[in-house]
Amino acid sequence: MAVIIDGKMLAKKIRQELKVECEELIKEGIKSKLAVIMVGDNPASKVYVRNKSRACEEIGIEYEEYLLKDDIKQEDLIELIKKLNKDENINGILLQSPIPDHLNINEAFKTITYRKDVDGFTPSSVGKLCIGEDTFISCTPYGVMKMFDEYNIDLTGKNVVILGRSNIVGKPLIQCCLAKNATVTVCHSKTKNIEEYTKRADVLIAAIGKAKFVTKDMVKKGVVIIDVGINRNEEGKLVGDVDFENIEPIASYITPVPGGVGPMTIAMLMNNVIKAAKEQNNQISKL
Ligand code: NAP
């Protein structure tokens with residue numbers, strides 16, 4: 001039987017710590033404020049954005065939302081980001097993805113000033129992560145690393161296998177795990193015989209977006225499983241990329257879906273907004 005890594009509980013603990021920190025900052029006259037830009041009417045994005053605004057409210061972070069029509073021009077989106085970059089009252093800027101296909105999301109991310117890049121997606125943040133400098137770390141990978149810390153899972157010398165190489169999850173995780181002295185292997189849709197890699201994993205991180213892709217025969221006994229995937233099964237229930245029921249009895253640690261990595265992502269976003277507010281007010285960030 002595996003230890004269930006309780007992301008919901010850990011995220012709550014982090015949010016409570018951040019609330020205290022936010023109150024202390026307010027006493028010193030420092031407010032924290034997040035601006036969220038959403039383009040179009042994506043139902044999943046609406047849920048994510050609502051959860052982010054609720055978390056801000058709970059912690060005491062001010063929140064501003066920009067809902068743009070899905071036919072907005074690239075130059076108008078860029079113009080808005082530049083305006084928010086200059087706005088002294090805004091500490092963090094988040095562009096909710098996906099955005100409509102006619103827009104260039106990388107160009108938009110690149111426009112966000114490094115100081116307010118609370119999602120950790122700008123080339124400056126990514127570059128700093130690669131060379132081991134303090135930076136904004138993309139929220140989902142950051143949340144995964146916090147889970148390892150909390151459960152004293154030492155990655156030194158471990159074979160960490162990451163499934164997925166997206167810019168927001170898989171790639172930053174490579175750097176985060178390398179920094180913890182793991183030996184890192186990354187698999188993707190063109191990887192042949194993927195089970196040859198997964199079977200060697202001491203720690204397996206699945207972030208591909210395919211329901212129950214990782215099955216019991218693909219992992220070894222005692223594996224640590226981090227399931228980043230969020231999928232709906234035939235009954236509309238949320239499931240991860242991992243066959244939880246069959247793997248849990250042989251794993252040493254495992255994250256559930258829901259209640260695993262998901263809540264950690266929002267907690268780390270809140271952390272990054274407070275980090276941004278402190279740094280913009282010349283304070284050293286604690287976390
Ligand atoms: P993404 O951008 O679609 O990337 C998916 C990655 O998985 C790609 O690198 C792709 O390979 C790889 N892949 C797809 N099919 C594969 C297969 N059959 N075998 C091996 N690799 C395969 O997705 P993402 O944004 O990283 O998200 C991944 C999952 O995590 C999704 O379910 C998403 O909803 C979830 N997610 C959860 C959170 C959270 O807070 N819990 C946050 C972000 C994302 P190629 O590069 O070759 O195409």
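The values are calculated or read from the model by the stated rules, or taken from the named source; none is laboratory data. Please read all numbers here as calculations on a predicted model, not as lab measurements. Positions of Cβ are backbone-derived with ideal geometry, glycine not excepted, and every protein chain shown enters the neighbour counts.
Tabulated results
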quantity: Of the criteria (1) within 22 Å of Glu150 (Cβ to Cβ); (2) touching a residue at least 60 places away in the same chain (Cβ under 8 Å); (3) touching a strand residue (DSSP E or B) at 6+ places or on another chain (Cβ under 8 Å); (4) of a type in the set (A, V, I, L, M), which one Val223 fails; calculated: (2)
quantity: Tally, over the range 120-143, of residues that are outside any helix (DSSP H, G or I) and not hydroxyl-bearing (Ser, Thr, Tyr); calculated: 8
quantity: Filter result (surrounded by fewer than 20 Cβ atoms within 10 Å (Cβ to Cβ) and either within 14 Å of the ligand (Cβ to nearest atom) or part of a loop (DSSP other than H, G, I, E, B) (or both)) within the range 257-287; calculated: Pro258, Gly259, Asn281, Asn282, Gln283, Ile284, Ser285, Lys286, Leu287
quantity: Residues of the range 186-209 that turn out to be of a type in the set (Val, Ile, Thr), more than 15 Å from the chain's Cα centre (by Cα) and within 12 Å of the ligand (Cβ to nearest atom), as a count; calculated: 4
quantity: Lys146 being within 12 Å of the ligand (Cβ to nearest atom) and either at pLDDT 95 or above or in a loop (DSSP other than H, G, I, E, B) (or both); calculated: no
quantity: Qualifying residue in the range 237-249 (condition: under 19 Å from the mean Cα position of the chain (by Cα) and basic (Lys, Arg)); calculated: no
quantity: Sole residue being in contact with a strand residue (DSSP E or B) (Cβ under 7 Å, 6 or more places away or on another chain), under 28 Å from Met147 (Cα atoms) and surrounded by 15 or more Cβ atoms within 10 Å (Cβ to Cβ), chosen from Val39, Val49, Val3; calculated: Val49
quantity: Qualifying residue in the range 166-179 (condition: near the ligand (Cβ under 10 Å from one of its atoms), outside any strand (DSSP E or B) and touching a His at 6+ places or on another chain (Cβ under 7 Å)); calculated: no
quantity: Pick from the range 210-239, criterion farther than 19 Å from Gly262 by Cα and not in a loop (DSSP other than H, G, I, E, B), ranking: farthest from the ligand (Cβ to nearest atom); calculated: Lys216
quantity: Enumeration of residues in the range 181-209 that are assigned to a loop (DSSP other than H, G, I, E, B), surrounded by 14 or more Cβ atoms within 10 Å (Cβ to Cβ) and polar (S, T, N, Q); calculated: Thr191
quantity: Flag if Leu94 is of a type outside the set (Val, Ile, Thr) and farther than 20 Å from Lys275 by Cα; calculated: no
quantity: Any hit, the range 141-158, residues being exposed (fewer than 13 other Cβ atoms within 10 Å of the Cβ), among the β-branched types (Val, Ile, Thr) and in contact (Cβ under 8 Å) with a residue 24 or more places away in the chain; calculated: yes
quantity: Test: residue in the range 153-163 that is closer than 18 Å to Leu129 by Cα, within 12 Å of the ligand (Cβ to nearest atom) and touching a strand residue (DSSP E or B) at 6+ places or on another chain (Cβ under 9 Å); calculated: yes
quantity: Residues of the range 240-256 satisfying the condition of being out of contact with any helix residue (DSSP H, G or I) (no Cβ under 8 Å at 6 or more places or on another chain) and within 16 Å of the ligand (Cβ to nearest atom); calculated: Gly240, Asp241, Val242, Phe244
quantity: Number of the exception - Leu34 against (1) part of a helix (DSSP H, G or I); (2) in contact with an Asp or Glu (Cβ under 8 Å, 6 or more places away or on another chain); calculated: (1)
